[in-house]
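Encoded as structure tokens, the structure appears first; notes follow it.
The values are calculated or read from the model by the stated rules, or taken from the named source; none is laboratory data. Computed from a prediction, not measured in an experiment: that's the story for all the values here. Quick reminder, even Gly has a Cβ in these numbers, built from the backbone with ideal geometry, and neighbours come from all protein chains shown. Side chains included, ligands, DNA and RNA excluded: accessible areas come from the protein's heavy atoms. Shrake-Rupley method; radii C 1.70, N 1.55, O 1.52, S 1.80 Å.
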Amino acid sequence: MDIYNYIKKDHETVSKLMEQIASSKDPKQRAQLFTTMCEELMIHAKSEEQTFYQALEERGGKQLQEKEEHAEEEHDEIESYIQQLNTMDPAEAKWLVTFGSLKKAVEHHVHEEEGEIFEKAKKVISDTQAERLADQMDQLKHEISSEAA
């Protein structure tokens, strides 16, 4: 598996969790799903930045570097929404509104990443390197998960 499919797989996992959260009527279930989604997102973002985006930084030109910086800003925005949601009660309507903003930010990021960024990355990252990056990201995700446990 290459880095692009690996990242897409992570995106699909988070997307499914977001749909379950948005459709849940039970605030306790919503909170549990949100915790799982947050763990997935944080591990994904950290490992992605240290593998995929680091490789882009090393190989890409100015335009790719700008895309990479923008993606990291979006990661920060997503983290900010998560922090806000962690201080709120999942039973409140305001929580769902803020969650909707988080969901929209994540979907925007995924759309840009899987479109523009992947397209440009494929021009500077070889197929072999893309497979190595997937392995590195997977290993790093396991390390981060183990540290958090």
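Please report, in debye to the nearest 20, how large the charge dipole of the chain is about its Cα centre when each Lys and Arg carries +1 at its beta carbon and each Asp and Glu carries -1 there. Could you put the intermediate results ahead of the total?
Numbers: 18 positive and 34 negative charges, 101 e Å.
With Lys and Arg at +1 and Asp and Glu at -1, about 480 debye.
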Relative contact order for the chain: what is it in percent, counting Cα pairs under 8 Å that are at least 6 residues apart?
-> 40 percent
Tell me, what ³J(HN,Hα) does each residue in region 106-116 have, in order and in whole Hz, if you take phi through Karplus 6.51 cos²θ - 1.76 cosθ + 1.60 with θ = phi - 60° and put x for Gly and Pro?
-> 5, 4, 4, 4, 4, 4, 5, 5, 6, x, 4
Between (i) 299; (ii) 139; (iii) 98, which matches volume of the Cα convex hull per residue in Å³ calculated for the structure shown?
-> (iii)
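Computing the accessible area with a 1.4 Å probe over protein heavy atoms, can you report the carbon and sulfur percentage for the chain?
Its accessible area is 45 percent carbon and sulfur atoms.
Based on the Cβ-Cβ distance of GLU58 and GLU116, what FRET efficiency does E = 1/(1 + (r/R0)^6) give at R0 = 22 Å, to the nearest 0.05? Provide the component values of the computation, followed by the final result.
Working: r = 19 Å, r/R0 = 0.86.
It comes to 0.70.
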Ranking HIS108, GLN129, ALA71 by how far each Cα lies towards the positive end of the charge dipole of region 53-149 (+1 on Lys and Arg Cβ, -1 on Asp and Glu Cβ), the top one is HIS108
Given a 1.4 Å probe, how much area per residue of region 1-93 is accessible, in Å²?
-> 56 Å²
